[in-house]
4 protein chains.
Amino acid sequence: MDMDQRRDKKGIRVGIIGASGYTGGELARILLGHPRVEITCVSSRTYAGQSLGQVFPNLFGLSGPRGEELVCEDLAPIEVAERCDVIFTAVPHGVAMEIARSIMGIIDVKLIDLGADFRFRDAGVYEAWYKKKHEAPRLLAEAVYGLPELHRALIEKARIVGNPGCYPTSAILALAPLIKSGMVDPSSIVINSMSGVSGAGRTPSQGYHFPECNENARPYGIPGHRHTPEIEQELSLLSRTEIRVSFSPHLVPITRGILTTAYATLDPASASDSGAGRVSTDSLIQLYKDFYRGERFIRILDDGRLPQTKAVWGSNFCDIGVRFDERVGRVVVMAAIDNLVKGAAGQAVQNMNIMFGIEEDCGLDRPPVFP
Amino acid sequence: MDMDQRRDKKGIRVGIIGASGYTGGELARILLGHPRVEITCVSSRTYAGQSLGQVFPNLFGLSGPRGEELVCEDLAPIEVAERCDVIFTAVPHGVAMEIARSIMGIIDVKLIDLGADFRFRDAGVYEAWYKKKHEAPRLLAEAVYGLPELHRALIEKARIVGNPGCYPTSAILALAPLIKSGMVDPSSIVINSMSGVSGAGRTPSQGYHFPECNENARPYGIPGHRHTPEIEQELSLLSRTEIRVSFSPHLVPITRGILTTAYATLDPASASDSGAGRVSTDSLIQLYKDFYRGERFIRILDDGRLPQTKAVWGSNFCDIGVRFDERVGRVVVMAAIDNLVKGAAGQAVQNMNIMFGIEEDCGLDRPPVFP
Amino acid sequence: MDMDQRRDKKGIRVGIIGASGYTGGELARILLGHPRVEITCVSSRTYAGQSLGQVFPNLFGLSGPRGEELVCEDLAPIEVAERCDVIFTAVPHGVAMEIARSIMGIIDVKLIDLGADFRFRDAGVYEAWYKKKHEAPRLLAEAVYGLPELHRALIEKARIVGNPGCYPTSAILALAPLIKSGMVDPSSIVINSMSGVSGAGRTPSQGYHFPECNENARPYGIPGHRHTPEIEQELSLLSRTEIRVSFSPHLVPITRGILTTAYATLDPASASDSGAGRVSTDSLIQLYKDFYRGERFIRILDDGRLPQTKAVWGSNFCDIGVRFDERVGRVVVMAAIDNLVKGAAGQAVQNMNIMFGIEEDCGLDRPPVFP
Amino acid sequence: MDMDQRRDKKGIRVGIIGASGYTGGELARILLGHPRVEITCVSSRTYAGQSLGQVFPNLFGLSGPRGEELVCEDLAPIEVAERCDVIFTAVPHGVAMEIARSIMGIIDVKLIDLGADFRFRDAGVYEAWYKKKHEAPRLLAEAVYGLPELHRALIEKARIVGNPGCYPTSAILALAPLIKSGMVDPSSIVINSMSGVSGAGRTPSQGYHFPECNENARPYGIPGHRHTPEIEQELSLLSRTEIRVSFSPHLVPITRGILTTAYATLDPASASDSGAGRVSTDSLIQLYKDFYRGERFIRILDDGRLPQTKAVWGSNFCDIGVRFDERVGRVVVMAAIDNLVKGAAGQAVQNMNIMFGIEEDCGLDRPPVFP
């Protein structure tokens, strides 16, 4: 029985492993509103026996696709796989590769991992930054980095997708057109990001305790945040040179949202070589519009507007603004996403839509919520 | 040509008058995601010529139903009416009655007013609290107070609906089962509410300036807030006695959400008369579940959970919790809504759905956003 | 050697037991700026060996009174007492009574407890609400409830002060003049409070995790919060009848601040008996001004202004506003405090000042911080 | 009669011109707690006749130095000057130079301007960035840039001080030791800052309306913010070369605080020339500690801690952390200040203390407020 036969008229059968964190909850929220999907199981050891509505207060009383409440179960990965066409794993680093090893090749199912286990082309990079041996290097080799705007064709055929990190999504989308154009010095890239606190997960700790986050802005993990190598991998692919970046994350007192401000100095050589004339804010905006033409979830802002996290809140959009600072010869690009949607669950659903050949914005087509 | 013929396969043709405030923007957000609706015009004097995406950053680039961007126009009400099956008015008090007078009876269109002009059975009450003569008393007489959980049958046939205020929605839904039961002393009712700042509208002023709202909690308009008579009208109807309440609004530093905590003392007479036995938290929860059985947007919380604004954020739900405080013989009921959805635009769309005989939760069926 | 001899020119020697929570940190902050005080020891088991600046980032690098950094030590209570004229205990309920038993009577030292152990006149009330046997009933009998505006004369001579809870401070100060006047029905009192999250302490948990508190307003502990009996004890003393109240706490997304809104119905009998004429907002404001005349930390707001937590932020003030709602014959009183200052550490320092006969506002005389 | 004779035992006589904004209010808050100062007049056209407590709710009921409430007056500058030893001007750009022209040389008074009129050595820079002719170039020539950590000796003797902007204070203090050391490439400097909303002033507008700021992070004024030339002036002085920087301000939903993250690439030449050995985070921290040795308001954080705005809230501290990112050869420096204190009113008072030869932290010695 092939996958298409298994899929009944209810739609794609979806399982979520690790549904108790914010990423899992956001997957449930989006998928409950997705017209082509049926959530068939939610696996969580911690919350086994509890309904989704007990775990997430917004989902209280919201029925599963057949009218009953979805209840978390403590299932082996293979049990999940048997009930699904696609599995989303929202689990700690290192767990997804174990899950993948135990099901891929044994059962015909697709896997979208929201952690870091399937994001790197080079297992050595994973091992260096995550201090952990990669246990599934062959599966890693076939996995696709799930940034649809760069790798859509590969995602269509992928069995395993490594869903990008939240910061890398914003940083790569912000810089891709610029890097691809070859107009900037690849050694000059500085990426300054700020994130809402939901990016730190649902486990309470003093650093995310309300009284210590509220009315506070602070940097953390500088230098050496684990999202750095993801950004470098993708920018290097685009530039065909090895790129290293400064990446500095900050925590600001919002729940959702990432605002990335990236800087790159114009490469004098490329700039003068260019037959396209002088670089300007207008020419950069045009470059970005051309690069992302047809993309449903990328909005290039015109001059006079700058991205803000609130404009994309609750949605899968990435808003991008770009400016040329002539005084210093530097390009400044700003990108805003909702870290739980385009930075995690929404992008994962976008990847699922692509993998199953349905409309890319299916279930993701509602406007952001403002204010 | 009757209304049903005019309505093409694109669905109900909707116009919004006064689309530049938060209520108008929220109507646009919800209606753009409503599968049975086509927004045919958006009227705004202030923003005439600007696209919705210029007025509301979340709506940037989101197409109208025919692919073009919706642009605000400065239209006479009759021009709006000619293009619509239903008009939503999100305008200052006193303006909607003028609009209604200029179109109702002249053209076959329905009207849902999100202001106070069509909320009162007695024009005198409106005039006393709003310090303004009511210019359309006949239309007022036929208007229905648009709280579907209490007046669904009338709304189905209504031509004009006065959409309830945000505070009254939460307070009336919180107290209706209790008042209807007759078990509490009608003179004992105290309603303490807190609201997010979006309830104050989009016009900047010092009281809503970020640095003065943030990290601040404060009462305002005590006593005498204009939402008081709405609450009293509906509770009096339910109790068949004239009820007067203490209503105290407070501002808290959230954008969306109302949390109402209402108090009522058990009427010793009714309580002892009752054959149903002793009042308890359990018996009250059961009373509420029975009263709201089948209601899609009311969630009665079980003991162990209390309502919170975040659990309904971005949705049309009203979450209700009830407790009996035996030590003092008082019932405490708590209700949470999103003031812009169930407290305004969402409830208006719910009313529209009822008036046009379509599924009541059409366009309103996505889960709340958490966290 | 008596206490006055022991006290050197550096001032009152102060010890803090339990300095790692917000209350302990706030004590340190206030006392470091107090010109008549020397902090001689800070006792904390958890943070032993760490400097105050490691525990509280605001105190980094701020020297102790002799130039060195204050370092937390794990000391027995008697060791603390030997170095101090007064000890502040900011410890879990049940611990302070053990500490008191081990030092009072053995060494000449005063004790100000910021927990509940010494707040109740009746050990049975403590035991009923805190589910714990009181181990020091004799010390409890001599302890004074540390609300200076009501019990200043007793505090002056007290050896042990039970510093009031944060909610009770706001509620009792809000209602005292009204209850004392006898004009309201003692059975009609409803107290609705909202608090900032610092009131829940420094230990992280999901309910106080930033993403779940931010943009959220919610009730909790209804009915039956442990601050209820404190309020009832003090109001009953004022009215000379036994008073029971409804008390409902709520959590709002601010760090500091309590805003209490209290309701009481005019007693028809008392009202008509009164020779003072009709009750009005003006007469109530005058009543409050008279009651609190000369109090440095009580500000009675004139008509046209209402209390707000931001107006008292970081200070020992309690701002009070009062209104008469003639339509329903009910008085509404609103009070704002900073829960960590007037609701905890500031009031404790105020008590210390009184106990040592120095200016009551010494160290507490800086204006609130706004915005 | 010289200034010292005019000063009575009440202390320095201070006037504030423009007391209705946040900077003016913060000056009043700090000066009311300053033991060596008497506020003799507060001038405001808008609020003439209102007491400070009506304009700022925190100051309600707080007496002026002689027991009466301070009342705003609409005074000519010369009238203010007659009553003062020093005037603080917290007025729009362009106004302070007019005030200075009308009093300096006519009356013996000192002037500390919190705006931009006296910050630039070159009137042409002011005119280019503020689009306004400088009307008092001679006074500008004698004015001192009021950053005490760099210009203390000049401030001691200054008659006019141009108090630094909030962003420049954080950026210059963050970069000064690095620039002075000559170890970084002066063309590589990127300054990314985020500010609380109080930095935008007290006048309401949509961009600072609570519902649009809350739960939002956004860049603005990129490129070309007016604080850029101030930063460049001071860094250029330190490096003895002309430095141009990228400076990008962002708005985050906090009331107070600036967090600046600055980037500079190691100059390969200088680095290798240096006899001091390899650059490291430790060597940089030592460099900063040496540079700021003895400074009361600069706290250099040890490795393991990073600056956060909350740690300096309400205080005159600037917390600085520095890291070396060896992978990319770039230094990252982070600085946190309270924009209204060290970034405005507190630094102005620090300057006053220096100008009058009193303790530099007089009135500024209370710890930051946390949490």
(1) within 14 Å of chain A (Cβ to nearest Cβ); (2) out of contact with any Gly (no Cβ under 6 Å at 6 or more places or on another chain) all hold for D:Ser283 apart from (1)
Among the residues of segment A:292-306, the number that are under 18 Å from the mean Cα position of the chain (by Cα), more than 20 Å from A:Ser181 (Cα to Cα) and at the interface with another protein chain (Cβ under 10 Å from one of its Cβ atoms) is 1
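This table checks each residue for (1) small (Gly, Ala, Ser); (2) in contact (Cβ under 8 Å) with a residue 60 or more places away in the chain.
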| residue | (1), (2) |
| --- | --- |
| B:Val279 | no, yes |
| B:Ile285 | no, no |
| B:Ile300 | no, no |
| B:Gln308 | no, no |
| B:Ser315 | yes, no |
| B:Asp319 | no, no |
The residue that is modelled with the lowest pLDDT, considering only those in segment C:1-25 that are in a loop (DSSP other than H, G, I, E, B) and surrounded by 15 or more Cβ atoms within 10 Å (Cβ to Cβ), is C:Arg7
When every residue in segment D:307-319 that is hydrophobic (A, V, I, L, M, F, W, C) and more than 10 Å from chain A (Cβ to nearest Cβ) is compared, the one farthest from the chain's Cα centre (by Cα) is D:Val312
Log entry, pairs with first residue in segment A:208-220 being touching a residue at least 24 places away in the same chain (Cβ under 8 Å) and facing chain D (nearest Cβ under 7 Å), second being surrounded by 24 or more Cβ atoms within 10 Å (Cβ to Cβ) and among the basic types (Lys, Arg), beta carbons closer than 7 Å, six or more apart or on different chains, reads A:Glu215/D:Lys310; A:Asn216/D:Lys310
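In this structure, does D:Ile254 turn out to be closer than 22 Å to D:Leu150 by Cβ and among the β-branched types (Val, Ile, Thr)?
In short, no.
Return the only residue of C:Val322, C:Val328 being among the hydrophobic types (A, V, I, L, M, F, W, C), at pLDDT 95 or above, farther than 30 Å from C:Arg159 by Cβ and part of a strand (DSSP E or B).
C:Val322
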Of the residues in segment D:110-143, those that are over 18 Å from D:Ser170 (Cα atoms), more than 13 Å from the chain's Cα centre (by Cα) and surrounded by 15 or more Cβ atoms within 10 Å (Cβ to Cβ) number 14
It is to be established whether one or more residues within segment D:320-329 are at the interface with chain A (Cβ under 10 Å from one of its Cβ atoms) and under 28 Å from D:Gly115 (Cβ atoms). no
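Which residues, taken from segment D:196-207, are of a type outside the set (Val, Ile, Thr), under 22 Å from the mean Cα position of the chain (by Cα) and either in a helix (DSSP H, G or I) or surrounded by 22 or more Cβ atoms within 10 Å (Cβ to Cβ) (or both)?
D:Gly196, D:Ser198, D:Gly199, D:Ala200
Could you please find all residues in segment A:151-169 being in a strand (DSSP E or B) and among the small types (Gly, Ala, Ser)?
Within segment A:151-169, A:Gly162 is the sole residue that qualifies.
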Filtering segment C:232-287 for residues that are part of a helix (DSSP H, G or I) and either modelled with pLDDT under 95 or in contact with a Cys (Cβ under 8 Å, 6 or more places away or on another chain) (or both) leaves a count of 6
**Hey, D:Asp267 crowded, with 18+ Cβ neighbours inside 10 Å and within 12 Å of another protein chain (Cβ to nearest Cβ) or not** = no
Matching residues in segment B:344-366 (within 14 Å of chain A (Cβ to nearest Cβ), more than 24 Å from B:Phe247 (Cα to Cα) and buried (at least 24 other Cβ atoms within 10 Å of the Cβ)) number 1
Sole miss for A:Asp338 among (1) within 14 Å of chain D (Cβ to nearest Cβ); (2) more than 14 Å from the chain's Cα centre (by Cα); (3) among the acidic types (Asp, Glu) is condition (2)
Checked D:Met104, D:Met194, D:Met97 against criteria (more than 17 Å from D:Leu235 (Cα to Cα) and within 14 Å of chain A (Cβ to nearest Cβ)); the one match is D:Met194
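Considering only segment D:214-237, I want to know if a residue exists there that is more than 19 Å from A:Trp313 (Cα to Cα), of a type in the set (D, E, K, R) and in contact with a Ser or Thr (Cβ under 8 Å, 6 or more places away or on another chain).
Keep residues of segment D:214-237 that are more than 19 Å from A:Trp313 (Cα to Cα), which gives D:221-237.
Keeping just the survivors that are of a type in the set (D, E, K, R) gives D:226, D:230, D:232, D:234.
In the following step, the residues that additionally are in contact with a Ser or Thr (Cβ under 8 Å, 6 or more places away or on another chain) were identified as none.
Scanning segment D:214-237 turns up no residue that is more than 19 Å from A:Trp313 (Cα to Cα), of a type in the set (D, E, K, R) and in contact with a Ser or Thr (Cβ under 8 Å, 6 or more places away or on another chain).
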Review point. In this structure, is D:Val341 more than 30 Å from C:Gly314 (Cα to Cα), crowded, with 16+ Cβ neighbours inside 10 Å and touching a residue at least 60 places away in the same chain (Cβ under 8 Å)?
Key: no
Do we find that B:Ser246 is out of contact with any Lys or Arg (no Cβ under 7 Å at 6 or more places or on another chain) and not hydrophobic (A, V, I, L, M, F, W, C) in this structure? no
Being more than 7 Å from chain A (Cβ to nearest Cβ), under 19 Å from D:Leu175 (Cα atoms) and within 21 Å of the chain's Cα centre (by Cα) narrows D:Arg240, D:Arg226 down to just D:Arg226
Residue within segment B:26-35 that is away from chain A (no Cβ under 14 Å), within 19 Å of the chain's Cα centre (by Cα) and crowded, with 16+ Cβ neighbours inside 10 Å present: no
Given (1) buried (at least 21 other Cβ atoms within 10 Å of the Cβ); (2) outside any helix (DSSP H, G or I); (3) under 18 Å from the mean Cα position of the chain (by Cα), B:Asn216 misses just (3)
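The values are calculated or read from the model by the stated rules, or taken from the named source; none is laboratory data. Just so we're clear, the structure is a prediction, and the values are computed from it rather than from any experiment. Cβ coordinates were reconstructed from backbone atoms using ideal geometry, including for glycine residues, and neighbour counts include every protein chain displayed.
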